[in-house]
1. Residues being over 12 Å from the mean Cα position of the chain (by Cα), buried (at least 24 other Cβ atoms within 10 Å of the Cβ) and more than 19 Å from Ser490 (Cβ to Cβ): count how many of those fall in segment 283-301.
2. Which residue, of Phe243, Phe283, is assigned by TED's automatic domain parsing to the domain that holds Val353 and at pLDDT 95 or above?
3. Kindly indicate whether Glu334 is touching a helix residue (DSSP H, G or I) at 6+ places or on another chain (Cβ under 9 Å) and among the acidic types (Asp, Glu).
4. Looking at segment 268-285 only, could you name the residues that are among the hydroxyl-bearing types (Ser, Thr, Tyr) and in contact with a Leu (Cβ under 6 Å, 6 or more places away or on another chain)?
5. Using the structure shown, decide if Leu191 is in contact with a Gly (Cβ under 6 Å, 6 or more places away or on another chain) and within 21 Å of Leu424 (Cβ to Cβ).
6. Considering Gln272, Gln228, which residue is polar (S, T, N, Q) and surrounded by fewer than 19 Cβ atoms within 10 Å (Cβ to Cβ)?
7. Counting just the residues of segment 536-574 that are touching an Asp or Glu at 6+ places or on another chain (Cβ under 9 Å), in a loop (DSSP other than H, G, I, E, B) and at pLDDT below 95, which one comes out farthest from Thr402 (Cα to Cα)?
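The values are calculated or read from the model by the stated rules, or taken from the named source; none is laboratory data. Keep in mind that what you see is a predicted model, and the values were worked out from it rather than measured. Here the Cβ positions follow ideal geometry from the backbone for every residue, glycine too, while neighbour counts run over all protein chains shown.
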Amino acid sequence: MLMPSSLQNPAASLVFILAFVATCAVAPARVDYATFAVAADHEVASQAGAQILAAGGNAVDAAVATSFTLSVVRPFSCGIGGGGFMLVHLRDDPRNPGHALNIAINYREQAPACMTPDYYEKLDADRKLDADFSTKGAHAVAIPGTVAGLLFALERFGTMPREKVLAPAIRAARDGFRADKAFVDACDDALKWIRAHDGAAERFPLVWQTYAARGTRAVGDLITSPDQARALELIAAQGKDAFYTGDIARAIVDTITRDGGHMTLADLASFQVTTTEPLQTKFGDRPILTFPPPSSGGIVLAQVFATLNARRDHAVASLNAGHNSPRYLHLLAECSKHAFADRARFLADPAHVNVPLKQLLDPEMLMGRARSIDTARTQSHDSYGMRLDEPKPTPAPDDHGTSHFSVIDAKGNAVACTETVNLLFGSLLDVRGYGFVLNNQMDDFLTRRGKVNAFGLAQDERNLPAPGKRPLSSMSPTIAFDGPPESPTSNVTLVVGASGGPRIISGTLQAALNVMLWDFSAADAVSLPRMHHQWTPDDLELERPLRGGDTEAALKKLGHTIATRSAAAVQVIRASKKEGMKWDAACDPRKGGQPAGR
């Protein structure tokens, strides 16, 4: 592993350490575990997963328990009204003993049958411009996938019955949980929109009344969810059918119809979980598994890692300059701009359009890209990314507010899972009688040609909506190893992912590099301030601890336009360096989670 040369010199080491401490956010206490660990962005959810592991469950059992509990305690981020990606590594494949299993489970939401490429443009024309069609209410909702995905994973790769695995979530819903700062902040954000729109409080009562308490919600308040407990009990008893063809399905359709949307029972029954091989890449000599399209995060990570691998001289110079030095931040920004330009031009759901993966990951192309990076200057905006003379998208042959958690069990099996309802509290629309909000995932499509989405992301027409299609995602669940991932003798060294729109990708990237390149503890890896650049807009976003002073001045001299923005929330489990301990786990202080384990 490359290490900062400054750390090899005692005098220089002191300077480096002082600079490092000065740029850190308030880091969580380091927590090492001898046997297993769960890192979710809420303590109750981490504990739910750890309870299942303590009872003899495997990493998939624990992941399913953690996710269903997050639906209760982090309803503004994820839940049974949303969807996600689960990356699974089992050292011993139950279907093929003696071999490791690596699988990417895709339960990203799908567009309902009513969706056409010009659906939102027609709404705007028919009802006058209303930019909230794709983000608020029934028109914003895609077919939820979380319940189908979790039960698929449990049935195929778990070891416990669903009644036992859902028990912690049902208990959390019935007994309640305490509102933390992240919860109250999310409610305050939603209230700004609700108060600014006539009738919104009556239209979205779960968020307005139950979660935000009509504007009086405070840290420490007890919040119960008896209606969601009822939904979870139905799922525990009846499985997937309860949600997709039974009582909950009918309630979803009634809710969307009442709000003017067009989802049907046939749409819900049509939802499909898909599986594929993970996208494999590497950083240095470390093999890495991440998520393929319709995740854009895996491709961006793979391109950045490959670019850094190709220019070890840049990497070494950045190491010598120090962590979060202008040279290091500039290098990450330039790599990211290339990859995000490719994201905007080429990525979408490969089940519906041709995505040029081979060209995007071509070693010669990426080597040329690495050589083109100028360490002394940014380049023109249109010089970034790959150029392909390709036709417009064509059908592929027959043959994507967020929460991430990481799990590692006693046998070294691992799960990296990222789930979402998209923006905070999704569409704000709740399913009456069952206590959960529906996603607004349709906004992750290109809903209006020539315009960016709610995250400011430019997208190609490949990502226009169509029936059954999954929108492009930034979710980036990632697992790193000390040997070939397919070998049962290889060990997991890092489980990482993040929440926070496109900053998921930059957060996952920097936390992974903090471990793999800088060898920081999990707590330090998630706490350090970060940068983000997504090519468009052409802004280098820095967290506040990086603003001002010599760092910002040096980056401006390199040609960067500087902006301030908060970063993603990252959850990390890494191999422990402490004797007698296997795992070092941490949850990002930006969102306030706590790991659990033994």
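1. Result for segment 283-301: 5.
2. Of the residues listed, the single one that is assigned by TED's automatic domain parsing to the domain that holds Val353 and at pLDDT 95 or above is Phe283.
3. Yes, satisfied.
4. At the first step, the residues of segment 268-285 found to be among the hydroxyl-bearing types (Ser, Thr, Tyr) are 270, 274-276, 281.
Within segment 268-285, none qualify.
5. yes
6. On the way: Gln228 fails: surrounded by fewer than 19 Cβ atoms within 10 Å (Cβ to Cβ).
None of the other options fit; the residue is Gln272.
7. Per the stated criteria, the residue is Arg565.
Okay, residues lined up against (1) part of a helix (DSSP H, G or I); (2) over 24 Å from the mean Cα position of the chain (by Cα); (3) within 16 Å of Phe76 (Cβ to Cβ):
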site: Ile170; (1), (2), (3): yes, yes, no
site: Ala182; (1), (2), (3): yes, no, yes
site: Cys187; (1), (2), (3): yes, no, yes
site: Ala190; (1), (2), (3): yes, no, yes
site: Ile194; (1), (2), (3): yes, yes, yes
site: Val207; (1), (2), (3): yes, no, yes
site: Thr210; (1), (2), (3): yes, yes, yes
site: Val219; (1), (2), (3): no, yes, yes
